[in-house]
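S.K.: Here it is, the structure, as structure tokens.
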Amino acid sequence: MGLGISSNSKNKIHSVELPENISIGPALTGLANAYLTKLTAGKRVLLVRGLRSYESMIGAVFGLKTIELVVSRPPALDEALELAENISRTYRRAIKAIVSIGGGSVIDMGKVLGKQLEIPTVSIPTTLSHDGIASPRASLTSRAGPVSQESKVPRAVFVDLQVAASSPHRLIASGFGDTIAKRTAVLDWKLAAERGIEEYGDYSGALAELSASHVLSAVKEIASGQIFGLRVLAEALVNSGIAMAIAGSSRPASGSEHLFAHAVQIISPGKGLHGELCGLGTIMMSELHGIDWEMIRDSLAEVGAPTKATQLGLSPDEVIEALLLAPKIRDRYTILSQGLSRAEAEALARKTGVI
Ligand SMILES: [Zn+2]
């Protein structure tokens, strides 16, 4: 039993930082603006934004004194840390909050800066492409490939469903893939616990699994882009971030399927979105775990997410290489840690139709 700390840290203090406000619904600009006006109390706001999608929520910072930072591509770790130092030197005492309005890269940059500068951050995502909305981790790039950086859990999250509904459907399907990935991530965590390698956190594990079952209960509504479906997806993504915040790591939300996705990004950068690759990984890892992989595949297909490597321009060899590289990426016990031979990796990808 436990919230999710590992067994070798029983005597350590486990602190959980959570958002104080999570708002999900239509037409949230006014609510976000009122919250930020109160939070900043006349001081300045660092507005982290993308190139376009922020415009739909710009009213959230109406009347506030802003310093703008434009993020137009996935941020590199060293750039983010250098930027934090520069901001700290120039503006530290003048900035009361960081507000991130945009897609995944924008939200991630805001959370990393929030951690480095120790300033409250507010996430206003304009897409639902992955579960970084409310999590304490940020996905950044580095010369060695993608890195997961500790970051600030947002003080508040505002998910405007009308804005999310106007984002490309591909991003919504990607968010669905990142969410069903929790099913195999939790099974990997339980497996590590069975082997005595880690303690399983019942509470955060159950929360993460709930995210997966929540979206699987609303496949039709998510597929058709209905506001109800987007609400379910937004709730599931926020919930997954909360599970990570409670566990104090990405363990509840990221298992073998994520390792596969990261491996593809190292081998073939730029092919496929994070959640799309997690979706492919979840199909294959479901088969390894002995659960209903065909249901996972069919749900992804119904939502419009890829179920075959060719849909993302990936060759069979790239998929097989990624399956072999995945367990070597980080020290996290998953079903892939048991070791797949090249022939077994190919057989798995072929059986599940990924290649
Ligand atoms: Zn993810």
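S.K.: Quick one: compute the contact order of the chain, relative version, from alpha carbon pairs under 8 angstrom and 6+ residues apart, as a percent.
M.R.: Working: 761 pairs, mean separation 61.9, N = 355.
Computed value for the chain: 17 percent relative contact order.
S.K.: Using 26 Å as the Cα-Cα cut-off, could you pick out the over-long pairs in K308/K328; K96/K152; K182/K271; K152/K271; K220/K308?
M.R.: Over 26 Å Cα-Cα: K152/K271.
S.K.: Same structure, new question: If you place +1 on the Cβ of every Lys and Arg and -1 on the Cβ of every Asp and Glu, how big does the dipole about the Cα centre of the chain come out, in debye to the nearest 20?
M.R.: 1160
S.K.: Rounded, prolate or oblate: which one fits the stretch 21-165, using the alpha carbon gyration tensor with axes a ≥ b ≥ c (rounded when a/c is under 1.5, else prolate when a/b beats b/c, else oblate)?
M.R.: Working: a/c = 1.78, a/b = 1.18, b/c = 1.50.
Oblate shape, in that a/c is at least 1.5 and b/c is the bigger or equal ratio.
S.K.: While we're on this one: Over the stretch 183-238, calculate the relative contact order: mean separation of alpha carbon pairs under 8 Å at least 6 apart, over the residue count, as a percent.
M.R.: 26 percent.
S.K.: While we're looking at this one, here's another question. How large is ³J(HN,Hα) for each residue in the stretch 45-50, as worked out from phi by the Karplus curve 6.51 cos²θ - 1.76 cosθ + 1.60 (θ = phi - 60°), to whole Hz, x for Gly and Pro?
M.R.: Along the stretch 45-50, the couplings run 10, 8, 8, 9, 9, x Hz.
S.K.: Still on this model: Suppose all protein chains stay in the model; what accessible area per residue would a 1.4 Å probe give for the chain, in Å²?
M.R.: Numbers: 14740 Å² over 355 residues.
Normalised by residue count, the accessible surface of the chain is 42 Å².
S.K.: Going by a ≥ b ≥ c, the root eigenvalues of the Cα gyration tensor, does the stretch 224-340 fall in the rounded group (a/c under 1.5), the prolate group (a/b larger than b/c) or the oblate group? Intermediate values should be presented prior to the final figure.
M.R.: Working: a/c = 1.67, a/b = 1.19, b/c = 1.41.
Since a/c reaches 1.5 but b/c is at least a/b, the shape of the stretch 224-340 is classed as oblate.
S.K.: Pick from A208, A322, A193 the residue whose mean-square fluctuation is largest in a GNM of the chain, springs joining Cα atoms under 10 Å.
M.R.: Taking springs between Cα atoms under 10 Å, the residue moving most is A193.
S.K.: Identify, among I101, V70, L47, the residue whose Cα sits farthest towards the positive end of the charge dipole of the stretch 21-165, taking +1 on the Cβ of Lys and Arg and -1 on the Cβ of Asp and Glu, with the dipole about the Cα centre.
M.R.: Comparing the listed Cα positions along the dipole, L47 ranks first.
S.K.: Still on this structure, please answer the following. Quick one: grab Rg to one decimal and Dmax as a whole number for the chain, Cα atoms only, in Å.
M.R.: Every Cα atom of the chain included, Rg and Dmax give 19.6, 63 Å.
S.K.: With the chain treated as a Gaussian network of Cα nodes joined by springs under 10 Å, which of N86, N33, N11 yields the largest mean-square fluctuation?
M.R.: Fluctuation is largest for N11.
S.K.: Specify the residue with the greatest mean-square fluctuation among P252, P125, P168, computed from a Gaussian network of the chain linking alpha-carbon atoms under 10 Å apart.
M.R.: P168
S.K.: Let me ask something additional. Counting only protein heavy atoms and a 1.4 Å probe, tell me what percentage of the stretch 143-300's accessible area is made up of carbon and sulfur.
M.R.: Answer for the stretch 143-300 is 52 percent, counting heavy atoms of protein chains only.
The values are calculated or read from the model by the stated rules, or taken from the named source; none is laboratory data. All values reported here derive from a predicted model rather than from experimental measurement. In this analysis, Cβ positions are derived from the backbone assuming ideal geometry, glycine residues included, and neighbour counts consider all displayed protein chains. All accessible areas refer to the heavy atoms of the entire protein, side chains included, with ligands and DNA or RNA removed. Shrake-Rupley method; radii C 1.70, N 1.55, O 1.52, S 1.80 Å.
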